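Every number here is computed from the coordinates shown, using simple stated rules; none is lab data. On a predicted model such as this, the values are computed, not experimentally measured, just so you know. Counting neighbours? That spans all protein chains shown, and the Cβs are built from the backbone with ideal geometry, glycine included.
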Amino acid sequence: MIIENAKTLSNPKSHSDQEVVELKQVLGATGFYEPRGSDAVLLIHGLTGTPAEMRHLARKLRRKGFSVMVPQLAGHCGSIKELKHSRWQDWYQSVDAAFRYLSDRHHKVFVSGLSMGALLALELAAQHGDRVAGLGLLSPTFFYDGWNMPKFRRSLLPLAFLTPLKHFMYWHEVAPYGIKCERTRAMVHAVLENRDAQASEKVGIFKTPLVTVHESSKLIQHVTGSLERVQSPVLVVHSIEDDMASTKNVDFVTQRIASSDVETWLIDNTYHVLTLDRRKEDVADRVGEFFSVRAQPALAA
């Protein structure tokens, strides 16, 4: 979520026509690629989110010498109908294609994801092994057990998954939208209230089809079974004030992965969307530092 459109910054003149077509397919309509250094970072937005919510983090990482790519996940940034027809395997395919694109062109590729994006990052590491040079997991969400999550979401929704109702019901996200910063939250609320035609590109979708929630639960179940295969260096950043997912999620991840290089950072004064909220500068600096010391020597210097 952010109040601007994400645009591809790569120079089409530096690529063949075939490469331009491939890049557009990898990025989607709202994704972007900012080439710079020999090492790259793949950033993954959250469920019903948009590449724009990773814009600030991307900018900071590029200043540290990394090339950065943020693809649009399949089914996102468009209509609710498009979202309903996408499956978790489609979301994973979006990031897998982006990772393969970067791996073919860069020395090392690091991956960082927000919320559900963190789960997709973990699945990449489980599938690609040490080709993933490091992971930055921001608000990883296996349990929606934050202080703003009603209990019925945890107890009744799984029952609805078993009925045809999942094709007709929606989960409406309400304030604070994972954001503690009043100014940023007001901007998101204004876009939603004005029914902006490009709201799904600017701030994401806040009316989530239950069938999409069901797909996210399938992803959670799948990634849970993959955690023991994750061996890449891992940084987990999670807010102690997270309104959507408690710090229980941190222990869940760190106790199950096989990585020997693991750092955790529990922070305050921010809610779930770490890339947009009050501590976004600190989060970006910590992620950049974690990746830099594990990158090329010239980049880390």
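For the reader, a short list of remarks on this structure follows.
- log₁₀ of I(q)/I(0) at q = 0.12, 0.24, 0.25 Å⁻¹ - the range 56-132, Debye sum with one point per alpha carbon: -0.36, -1.21, -1.27
- Distance between the 7 Å Cα→Cβ label points at I240 and E19: 4.9 nm.
- Ranked list, fewest to most other Cβ atoms within 10 Å of each Cβ, for I220, I44: I220, I44
- Diffusion coefficient, µm² s⁻¹, Stokes-Einstein with Kirkwood Rh over alpha-carbon pairs of the range 198-292 at 37 °C and 0.692 mPa s: 215 µm²/s
- ³J(HN,Hα), Karplus 6.51/-1.76/1.60, whole Hz, each residue of the range 27-35, x for Gly, Pro: 7, x, 5, 10, x, 8, 10, 10, x
- Phi-based couplings in Hz for the range 68-73 (Karplus 6.51, -1.76, 1.60; Gly and Pro marked x): 9, 10, 10, x, 7, 5
- Charge tally in the Cβ shell below 12 Å around S292, where Lys, Arg are +1 and Asp, Glu are -1, S292 excluded: +3
- Interatomic Cα distance distribution for the range 37-84, bins of 5 angstrom, percent: 5, 23, 26, 18, 12, 9, 5, 2
- Alpha-carbon centroids, the range 231-300 and the range 89-123: separation in whole Å: 17 Å
- Of the peptides 103-116, 258-271, 20-33, the order by per-residue mean of other Cβ atoms within 10 Å, starting with the highest, comes out as 103-116, 20-33, 258-271.
- Site pair R131 and S260 shows an inter-label distance of 2.3 nm when each label is modelled 7 Å from Cα along Cα→Cβ.
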